[in-house]
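The values are calculated or read from the model by the stated rules, or taken from the named source; none is laboratory data. This one's a predicted model, so the numbers in the text were calculated from it and none came from an experiment. Cβ sites come from the backbone with ideal geometry, for glycine too, and all protein chains shown count toward neighbours. Surface accessibility is based on the protein's heavy atoms, side chains included, excluding ligands, DNA and RNA. Shrake-Rupley method; radii C 1.70, N 1.55, O 1.52, S 1.80 Å.
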Amino acid sequence: MTAVDPRVQGREAYERLAWRDAYEQLSAAEQQAPLTADDLVRMARAAYLIGSVDAATETWEGAHHAFLAQGDAAPAVRCAFWIGLTLVLQGERTCGGGWLARARHMLEDTSLDCVEQGYLRIPAALRTLDGGEPEAARRLFAEVTEIADRFDDADLRAFGGLGRARRWSRRAGRRRA
């Protein structure tokens, strides 16, 4: 009888959107041998989606370093973005801001034209919106959506759409007040 590889099972569960199974299987695989950077990203997303935020940020950090070791700056930047955004949303603004700054510096240093440029506009767009500047936020979210469309990135496109919707819901709420 052939043993079932938890790495394969974890990837399959991830594709089925079975987040808990994906996380558990990829965690089991990691106990046997180091995961690839891509598998670490899968495990981090699955951890986040089942509410294991600390495990997610720790795993994204491992993926970040794995991508850097491979010389893959863009996915390393994306991991730093997810760590930073997650920490900021958890109230850890200083640490999260540090990760976001790290991601921005990496993009500046490499001069990459990549979808991660759009991801790094999201925190600024949210701050602008929260600061009461809806038109400036609209422009930033429009840039996010343009970058998403240029690189055909559905996740970034969703962020742009959510940002625009949040802008309008805040604006409508002020009119009602």
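At-a-glance table
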| read-out | value |
| --- | --- |
| Top positive-direction residue, dipole computed over the chain with Cβ charges, set Tyr14, Val4, Ala103 | Ala103 |
| The chain - accessible surface per residue (Å², probe 1.4 Å) | 55 Å² |
| Area accessible to solvent at Ser52, 1.4 Å probe radius, in Å² | 40 Å² |
| Heavy atoms of Asp155: accessible area, 1.4 Å probe, square angstrom to 10 | 80 Å² |
| Zone residues, segment 53-91, relative to Ala101, backbone N less than 13 Å from point 7 Å out along Cα-to-Cβ | none |
| Additional length obtainable on full extension of the chain from Asp72 to Arg16, 0.36 nm per residue less Cα span | 17.5 nm |
| Helix axis angle, 6-15 relative to the chain longest principal axis, alpha carbon, degrees | 30 degrees |
| Ellipsoid semi-axes in whole angstrom, largest first, where each is sqrt(5λ) of the Cα gyration tensor of the chain | 32, 18, 15 |
| Acute angle (nearest 10 degrees) that the helix 37-49 long axis makes with the longest principal axis of the chain, alpha-carbon atoms | 60 degrees |
| Point-to-point label distance, Leu89-Arg139, nm (Cα→Cβ direction, 7 Å offset) | 2.7 nm |
| Degrees between helix 73-89 axis and first principal axis of the chain (Cα, 0 to 90, nearest 10) | 70 degrees |
| For segment 83-131: Kirkwood Rh in Å [reciprocal of mean 1/r, alpha carbons] | 11.2 Å |
| Charge dipole magnitude, Cβ of K and R +1, D and E -1 - the chain, Cα centre, debye nearest 20 | 1300 debye |
